[in-house]
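Participant: First, the structure itself, so that you have it in front of you.
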Amino acid sequence: MTTPPSPTRRLRILHLSPAPIYDVEDGKGMPSIFLGLKGAVDRGHQVIFAVAGRENRDYDYHGIRVYEWRIPVPVAPIEHRWLHRLSQKLWGAAYYVIAAVKGLRLAARFQPDIVYGQFLYAAPVAWLIGKVHGIPNITRMYGTFLFPYVGSWWGRLWKAEEVLAFVTPCTYLICTNDGTRGRDVAQALGVPAE
């Protein structure tokens, strides 16, 4: 396990995410992502946010350097439940590959002190980048949908991406306590309490 850097020095933090800063429109949706990123910037840290988005571009957003890229796999509408879920799995597989390539390139250029994987798809990619660069990696889950499935092998197989996020080695695992029983899931999957 790598040792986290001292909290008193200014850090270069690489965040990876399959979800944008705001999931509805600017300033609306899920503020948890933005507030964490902006909080780090406000404390003097340099933040890169690498995200799967609608187009290939890079820009600054409130002091956060954003690198966005497209995943060229369409996801079926949610009304087509099974097709939606299967297309999401294909999208996730494409995310692992594309995010790993883009993330490794950014890390080589940016030389981060910490890599932060937000949501289930980013956790294994953050681990890979952390391993390659010898830096701590943090997995950040915003709750979980895994608890009802964790007790059966079929459920774990169906939710393999989320299982992988929980069991991927990390310096810290942060899971929002939103009533979805993240602690119970982590314990059931053998995540060390520390």
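The values are calculated or read from the model by the stated rules, or taken from the named source; none is laboratory data. Because the structure is a prediction, the values reported are computed rather than measured. Using ideal geometry, Cβ is built from the backbone for each residue, glycine included, and neighbour counts are taken over all protein chains shown. What goes into the accessible areas is simple: the full protein's heavy atoms, side chains included, and nothing from ligands, DNA or RNA. Shrake-Rupley method; radii C 1.70, N 1.55, O 1.52, S 1.80 Å.
Participant: Taking ARG105 as the residue in question, decide whether it is at pLDDT below 95, assigned to a helix (DSSP H, G or I) and either charged (D, E, K, R) or over 13 Å from PRO18 (Cα atoms) (or both). Steps first, answer last, please.
Facilitator: Numbers: at pLDDT below 95: no; assigned to a helix (DSSP H, G or I): yes; either charged (D, E, K, R) or over 13 Å from PRO18 (Cα atoms) (or both): yes.
Criteria not met by ARG105.
Participant: Select, from TYR96, TYR121, the only residue that is assigned to a helix (DSSP H, G or I), out of contact with any strand residue (DSSP E or B) (no Cβ under 7 Å at 6 or more places or on another chain), closer than 26 Å to GLY27 by Cβ and open to solvent by 20 Å² or more (accessible area, probe 1.4 Å). First the steps, then the outcome.
Facilitator: Values: TYR96 fails: closer than 26 Å to GLY27 by Cβ.
It is TYR121.
Participant: Out of the range 136-181, which residues are open to solvent by less than 20 Å² (accessible area, probe 1.4 Å), at pLDDT 90 or above and either farther than 18 Å from TYR121 by Cα or among the β-branched types (Val, Ile, Thr) (or both)?
Facilitator: THR139, THR168, THR171
Participant: Residues being out of contact with any helix residue (DSSP H, G or I) (no Cβ under 8 Å at 6 or more places or on another chain) and more than 24 Å from CYS175 (Cβ to Cβ): count how many of those fall in the range 66-107.
Facilitator: As a first pass, look at the range 66-107 and keep what is out of contact with any helix residue (DSSP H, G or I) (no Cβ under 8 Å at 6 or more places or on another chain): 66, 68, 70, 79-88, 90-91, 93-94, 97-98, 101-102, 105-106.
Filter once more, so that each one left must be more than 24 Å from CYS175 (Cβ to Cβ): 66, 68, 70, 79-84, 86-87, 90, 94, 97-98, 101-102, 105-106.
Of the residues in the range 66-107, 19 are out of contact with any helix residue (DSSP H, G or I) (no Cβ under 8 Å at 6 or more places or on another chain) and more than 24 Å from CYS175 (Cβ to Cβ).
Participant: Continuing with the same structure: Run down ALA160, ALA165 and say which single residue is of a type in the set (A, V, I, L, M), within 21 Å of ARG85 (Cα to Cα) and under 14 Å from the mean Cα position of the chain (by Cα). Reasoning before the result, please.
Facilitator: On the way: ALA160 fails: under 14 Å from the mean Cα position of the chain (by Cα).
Residue meeting the stated conditions: ALA165.
Participant: Sticking with this structure for a sec: Can you tell me which of (1) at positive phi; (2) free of Cβ contacts under 8 Å to residues at least 12 places away in the same chain is the one GLN111 doesn't meet?
Facilitator: Here GLN111 clears every test but (2).
Participant: Within the range 13-64, take every residue that is touching a helix residue (DSSP H, G or I) at 6+ places or on another chain (Cβ under 6 Å) and of a type outside the set (A, V, I, L, M, F, W, C) and give me the one that is most open to solvent (accessible area, probe 1.4 Å).
Facilitator: The residue in question is HIS62.
Participant: Which pairs do you get when a residue that is among the hydroxyl-bearing types (Ser, Thr, Tyr), found in the range 174-186, comes within reach of a residue that is in a loop (DSSP other than H, G, I, E, B) and surrounded by fewer than 18 Cβ atoms within 10 Å (Cβ to Cβ), reach meaning Cβ atoms under 7 angstrom, with the pair 6+ apart or on two chains?
Facilitator: Taking only residues 6 or more apart or on different chains, the pairs are THR176/TYR142; THR176/GLY143; THR180/GLY143; THR180/PHE145.
Participant: Six or more apart or on different chains, Cβ atoms under 8 Å: show the pairs whose first residue is in the range 83-103 and without any contact (Cβ under 8 Å) to a residue 60 or more places away in the chain and whose second is of a type outside the set (A, V, I, L, M, F, W, C) and surrounded by 14 or more Cβ atoms within 10 Å (Cβ to Cβ).
Facilitator: TYR96/TYR121; TYR96/PRO124; LYS102/TYR67
Participant: Please go through the range 7-44 and pick out each residue that is in a helix (DSSP H, G or I) and of a type in the set (A, V, I, L, M, F, W, C). Walk me through how you get there before you give the answer.
Facilitator: Kept after step one, since they are in a helix (DSSP H, G or I), are these residues of the range 7-44: 31-42.
Result: ILE33, PHE34, LEU35, LEU37, ALA40, VAL41.
Participant: Check off (1) under 20 Å from GLU68 (Cβ atoms); (2) in contact with a Cys (Cβ under 8 Å, 6 or more places away or on another chain); (3) not in a helix (DSSP H, G or I) for ALA126 and give me the number that stays unchecked.
Facilitator: (3)
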